[in-house]
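See below for the structure under consideration.
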Amino acid sequence: MTASANHEISSIVSEFLDRRREPIVAEWSGSPFFQGSGGDREQAAVDCAEVLTGLRRAVVAGEADNPAADGFAGIRTLLEVLAAQRGDDSRLVVDTAASIRSLRDPLLRLWHEEDLTDGAVAPGAVLLGAAVDTLGLVLLDVALSAGRDTIASQREQLAELSTPVIKLWDGVLAIPLIGTLDSMRSQVATESLLQAILDQQAQVAILDITGVPTVDTMVAQHLLKTAQAARLMGAECVISGIRPQIAHTMVQLGIDLEEVVTRAKLADAFTYALSKLGLSVIPAATGDV
Amino acid sequence: MVQVPIINIHGVLLISIQDELLDDSISELQQHISEQVIEQQARGVLIDISVLDVVDSFLARTLHDIAATTSLLAAQTVVVGMRPAVAITLVELGLILPGLRTALSVEDGLALLGRGNGTVRTGPR
């Protein structure tokens, strides 16, 4: 097909989309895709009209199969809203395919009802199909990028939440590590611990790994590096909360924490820290509370 | 060439590195410290690097060498005030400087060297 023929088909199709706007909107607004906003038909019709305009712009520009076309870019915000209303992402692909079918079928039916020259029917149908399929790709992209944004922000929140540095005593800090440690989280934990050591001039820092489900070579490496960095700054690191099965795994993996002091429980590590500072906890004399 | 001042406080030589030093200056400082340890009969050396944002591998190794040298001359070396970012970088570079004594502040460093009640002691502790 030549470029001028393509252009001709585009203009016929866009003219069709413009002229049959009303029936298309009427058909589309009944589809479950636009009914997401609580079955409000008026709102659905407005949304439909906007999507249709975007589709038509892409067809006019000859970019019906380009998801990055201006026409599709213009309706991304609307599609984001519609995608957010659906909520459940578990059947994303199946649902999107169904939505696209519910838009394409009425459109093609209306197209075939047109009184057209034979040469235009098939290419026009192909063009309409391509445009709606591209709309489907844009929909998927919108839904997936929304998911990506959510994951990124939750990861950030997790990193912030999970690394509180606690002051146990003058010069004694503890950082309870919780959950699986990936490289980013361990880096954040190390940095905040070292910064707290500097700010509070803490001589002992306790890394408590009670909440860490498994210790592999990477986590052990991270613990070791944190302890070494703290030592270079002039503080001492104590690792506590190593559960028996974790100790067992570590030995089997051949992990050696070398010169780092380890204690079974946080309480033991705290006692050790106090003794490093020359302090001790003694029971108060009877009656002297 | 930057001249780093060496201050003697009750037998402890206090060296505060204020600027990033070129390799030549570092080598010269190393030489200077060992001379001063003998001349002033120092029992300890405190090197304060708390203002340094960057400690390269050469300076790190030299600090380690200074510690080894002064301990042969019966003086303990303590490096004080290393910043968190510097510590992380050195560990990532694999320069964990075993045997180098460290402290958080000059005060802690002096305590580590056993200045205690201020009596002047010379020679090994």
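The values are calculated or read from the model by the stated rules, or taken from the named source; none is laboratory data. A quick note: this is a predicted structure, and the numbers were derived from the prediction, not measured. For neighbour counting, all protein chains shown are included, and Cβ atoms are generated from backbone atoms with ideal geometry for every residue, glycine included. Surface accessibility is based on the protein's heavy atoms, side chains included, excluding ligands, DNA and RNA. Shrake-Rupley method; radii C 1.70, N 1.55, O 1.52, S 1.80 Å.
A few points about this structure:
- Size of segment A:162-268 as Cα extents on the principal axes (Å, biggest first): 37, 28, 23
- Rolling a 1.4 Å probe across the protein heavy atoms gives the protein assembly as shown an accessible surface of 51 Å² per residue.
- Each of A:E114 and A:D133 was given a label point 7 Å from its Cα along the Cα-to-Cβ line. The distance between the two points is 1.9 nm.
- Helices in chain A that qualify as membrane-span-like (whole DSSP H runs, Cα extent of at least 30 Å along the helix axis, mean Kyte-Doolittle hydropathy of -0.5 or higher) are A:92-113, A:118-161.
- Mean projected area of the Cα convex hull of chain A, taken over all directions, amounts to 25.6 nm².
- Compared with its chain on its own, segment A:157-205 contains the following residues whose accessible area drops by 50 Å² or more in the full protein assembly (probe 1.4 Å; ligands, DNA and RNA excluded): A:Q201.
- Its convex hull of Cα atoms gives segment A:115-167 a direction-averaged projected area, equal to a quarter of the hull surface, of 4.0 nm².
- Translational D in µm²/s for segment A:129-194 (Stokes-Einstein at 25 °C, 0.890 mPa s, Kirkwood Rh from C-alpha pairs): 166
- Area projected by the alpha carbon convex hull of segment A:3-156, averaged over all directions, nm²: 9.3
- Relative contact order (%) - criterion: Cα under 8 Å, at least six apart; region: chain B: 27
- Interface burial for B against A (accessible surface, 1.4 Å probe, total of both chains, Å², rounded to 100): 1500
- The fraction of accessible area contributed by carbon and sulfur in the protein assembly as shown is 55 percent, rounded to a whole number (1.4 Å probe; ligands and nucleic acids excluded).
- For B:V79, nonlocal amide neighbours, meaning residues 5 or more places apart or on other chains whose placed amide H falls under 5 Å from its own, are B:I47, B:R101, B:T102, B:A103.
- A Förster radius of 51 Å, combined with the Cβ-Cβ distance separating A:S275 from A:S90, puts the computed FRET efficiency at roughly 0.40.
- Here segment B:6-114 yields Rg over Rh of 0.93, to two decimals, using C-alpha coordinates and the Kirkwood radius.
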